[in-house]
Amino acid sequence: MNSTSLRLEPVTAENFDAVCAVRVHPRQEHLVSPVVKSLAEAYVHGAAAWPRAVVDGEEVVGFVMAFFDVVWNPAVDPSDVRSGLWRLNVAAGRQGKGYGRFAVQAVSEELRRRGVGRLHVTWEPGEGTPEPFYLGLGFRLTGETSGGQTVGVLDLG
Ligand SMILES: CC(C)(COP(=O)(O)OP(=O)(O)OC[C@H]1O[C@@H](n2cnc3c(N)ncnc32)[C@H](O)[C@@H]1OP(=O)(O)O)[C@@H](O)C(=O)NCCC(=O)NCCS
């Protein structure tokens, strides 16, 4: 990892193929949607979605997508508006090098910039779960589940 050249970039016509080529390990495919599906969702959801390439030097090493100002569960509480991490995919051969941590920190900065104080995320429990990754970054469990996934939150201070 080259910390001086590590950055998030918008997904453009130029980097589209490289971003779509980001694939997690086959054994992790149940944990996160393929990048191309996330980009399609970003197209459909407009301003609520913030898709970004994780780029190190000239190489796209991952993909992250934040969500902004989403009513979490309209039937339960229409005033419960949340923002956070929607997707995070670090390429199989690039995991364990700090890219995931960087992506979470970069999304945290973007949320702070927008005046948001808490970052929500959901993750798949069970085999291969990224739960230790998120707990290690300071997330805590909210005690909720969403569509069978565990809900975590990080206070941005
Ligand atoms: C989870 C994921 C995003 C982590 O990205 P990464 O770049 O490998 O993680 P980092 O290198 O930044 O790791 C940061 C820390 O978390 C730890 N960590 C990362 N993944 C972990 C895991 N699955 N279990 C336990 N610890 C983990 C690292 O060891 C590191 O710890 P350290 O600070 O003590 O060195 C990546 O493994 C991935 O894309 N997984 C498949 C898809 C997925 O589950 N995405 C999340 C959807 S909610």
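The values are calculated or read from the model by the stated rules, or taken from the named source; none is laboratory data. Since the model is a prediction, treat every value here as computed from it, not as a measurement. With ideal geometry, Cβ positions are generated from the backbone for all residues, glycine too; neighbour counts draw on all protein chains shown.
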Evaluation of residue 157 against (1) at pLDDT 95 or above; (2) farther than 17 Å from residue 70 by Cα (one fails), failing number: (1)
Residue within the range 37-55 that is surrounded by fewer than 16 Cβ atoms within 10 Å (Cβ to Cβ) and of a type in the set (S, T, N, Q) present: no
The range 80-113, subset more than 7 Å from the ligand (Cβ to nearest atom) and assigned to a loop (DSSP other than H, G, I, E, B), residue surrounded by the most Cβ atoms within 10 Å (Cβ to Cβ): 91
Options 53, 103, 92, 66; residue that is touching a His at 6+ places or on another chain (Cβ under 7 Å) and in contact (Cβ under 8 Å) with a residue 40 or more places away in the chain: 92
All positions within the range 114-124 that are in contact with a helix residue (DSSP H, G or I) (Cβ under 7 Å, 6 or more places away or on another chain) and away from the ligand (no atom under 11 Å from the Cβ): 119
Residue in the range 22-44 that is aromatic (Phe, Trp, Tyr) and under 17 Å from residue 122 (Cβ atoms) present: no
Where a residue in the range 129-157 is of a type in the set (Gly, Ala, Ser) and its partner, wherever it lies, is surrounded by 14 or more Cβ atoms within 10 Å (Cβ to Cβ), with Cβ under 6 Å and at least six apart: 138/154; 146/122; 152/121; 152/134; 152/139
Residue within the range 13-26 that is at pLDDT below 95, in contact with an Asp or Glu (Cβ under 8 Å, 6 or more places away or on another chain) and not hydrophobic (A, V, I, L, M, F, W, C) present: no
Criterion: on the phi > 0 side of the Ramachandran plot and touching a helix residue (DSSP H, G or I) at 6+ places or on another chain (Cβ under 8 Å) - qualifying residue of 98, 128: 128
Condition met for residue 39 (out of contact with any Lys or Arg (no Cβ under 9 Å at 6 or more places or on another chain), in contact (Cβ under 8 Å) with a residue 24 or more places away in the chain and closer than 23 Å to residue 153 by Cβ): no
